[in-house]
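Some notes on the structure that comes next.
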Amino acid sequence: MERLQKVIAQAGVASRRKAEELIKQGRVKVNGVVCDTLGTKVDGSDTIMVDGKLINKEEKQYYLFYKPKGVVTTMHDEKGRVCVADFFKDVDARVYPVGRLDYDTTGALFMTNDGNFANLMMHPSSHVSKIYEVVVAGNFTDQERKTMEKGIYLEGTKTLPCRIKINGYNNGVTMLMIRLQEGKNRQVKKMFESMGHEVKRLHRMMIGDIDLKGMEPGMYRRLTVHEVRVLTNLATKKKNK
C-alpha cells in the first residue's frame, strides 16, 4: 500500500506537492469515488482518476547500481554535481535511490520506484547485511577489531555486533572488510573515526547476497524477481524478530 499522492506523482501526473493539492481540491477519484483526504493509501488493484483521466501506474522496477566516486546520491543537486539520476535517463520509470552513499563512497546502491521496497530496505529493524571494503589511516589493531565487533557507542546508541577482517597493512594504512547488520547515516566512517582512524576509502561490495560481480562504476542492472523476493523476505524476517 502506498499513499495516493505518491502514486500520482510516480505516474508523472504531477509533483507530490501538486498531487496533494489536487486531492484536497476533490479532483481525484479512487474506484469511482472522490477522494479528498490526504494520506489515503491505495494498492495496485485500485483505479485512480485525476480530472476524469485514468492514470497509468508505473511497473515496479528494481535496479542494482554501481555508484562511482564523485556522484551525489540524490535526484537533483543544486550545486550542479553529477547525481545518480544522471545514470538513469534512459529508464522510463521514475526510480530513486534506496538509502545513500557519500559523495566519495563507491559501490552497491539499489534504485527503485517501489516505495514499500525502499522503506523495507531502509527500516532500522530490517538489518539486511552490507559488506564494505575499507581503507583506514594508521594501524588498526586486533584489539580494536574485537572492541568494534562487540558494538561501540555512537551518539549515545550502541551499534549492533559486526564482523571485521583485517586484510593487511601498507604505507601507514590498514585494509579491512566489515559486515554490518545496520546502515545508519555515515555509520562506517563514524565507527572508525571514533576509534581514531580516518577512513581513506570506502566501497560497498554487497547488500544481502547481491554483489557487483561483472559490473563497473556507472553501470546498473535490473534485479531479478527472485532477488527482489529474497531481499524482501530477508528484511521482513529480520524486521519481525
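The values are calculated or read from the model by the stated rules, or taken from the named source; none is laboratory data. Owing to the predicted nature of the structure, the values given are computational and were not obtained by experimental measurement. Cβ placement follows ideal geometry from the backbone for every residue including glycine, while neighbour counts extend to all protein chains displayed. The protein model used for the area step is the full one, side chains on, heavy atoms only, and it has no ligands, DNA or RNA in it. Shrake-Rupley method; radii C 1.70, N 1.55, O 1.52, S 1.80 Å.
Miscellaneous remarks
- Estimated vicinal HN-Hα couplings, Hz - region 143-150 in sequence order (Karplus 6.51, -1.76, 1.60; Gly, Pro = x): 5, 5, 4, 4, 5, 5, 5, 6
- Distant-in-sequence amide contacts of TYR62, defined by a placed amide H-H separation under 5 Å and a gap of 5 or more residues or a different chain, comprise LEU223.
- Assuming charge only on the beta carbon of Lys and Arg (+1) and of Asp and Glu (-1), the dipole of the chain about its Cα centre is about 460 debye to the nearest 20.
- Using θ = phi - 60° and Karplus 6.51 cos²θ - 1.76 cosθ + 1.60, couplings along region 23-34 (whole Hz; Gly, Pro as x): 5, 5, 7, x, 9, 10, 10, 10, 6, x, 10, 4
- Each Cα pair under 8 Å and six or more residues apart adds its separation to the average, and for region 1-123 the resulting relative contact order is 22 percent.
- For region 121-241, size of Cβ-based charge dipole, Lys and Arg +1, Asp and Glu -1, in debye: 440 debye
- Cα gyration tensor shape of region 104-241, rounded if a/c is under 1.5, else prolate or oblate by comparing a/b with b/c: oblate
- Shape category assigned to the chain from the gyration tensor of Cα positions, a/c cut at 1.5: prolate
- Above-threshold pairs, the threshold being 19 Å between Cα atoms, out of LYS146/LYS189; LYS69/LYS158; LYS79/LYS200; LYS158/LYS189; LYS79/LYS189: LYS69/LYS158; LYS79/LYS200; LYS79/LYS189
- Computed with a 1.4 Å probe over protein heavy atoms only, the accessible surface of the chain comes to 55 Å² per residue.
- When the Gaussian network model of the chain links Cα atoms closer than 10 Å, the mean-square fluctuations of GLY151, GLY138, GLY32 top out at GLY32.
- Separation between Cα centres of region 22-73 and region 168-238, rounded to whole Å: 31 Å
- Taking every alpha-carbon pair under 8 Å whose residues sit at least 6 apart, the chain reaches a relative contact order of 20 percent.
- To the nearest 10, the accessible area of LYS165 is 120 Å² with a 1.4 Å probe.
- Scaling against 2.2 N^0.38 Å puts the C-alpha radius of gyration of region 1-107 at 1.27.
- At full extension, ARG94 and LYS60 could sit 11.3 nm farther apart than now, given 0.36 nm per residue minus the alpha carbon distance.
- Mean residue ellipticity, 222 nm, helices only, the chain: the sum of -39500 (n - 2.57) across DSSP H runs of n ≥ 4, divided by residue count and rounded to 500, is -6500 deg cm²/dmol.
- Chymotrypsin sites (Phe, Trp or Tyr not before Pro) within region 70-146: DSSP coil, no more than 16 neighbouring Cβ in 10 Å: TYR103
- Set of lysines near LYS24 by C-alpha distance (under 22 Å), chain-local residues within fewer than 8 positions excluded: LYS6, LYS41, LYS53, LYS57
- Karplus-derived 3J(HN,Hα), 6.51/-1.76/1.60, for each residue of region 122-135, Hz, glycine and proline x: 8, 4, x, 9, 6, 6, 5, 5, 9, 10, 10, 8, 9, 10
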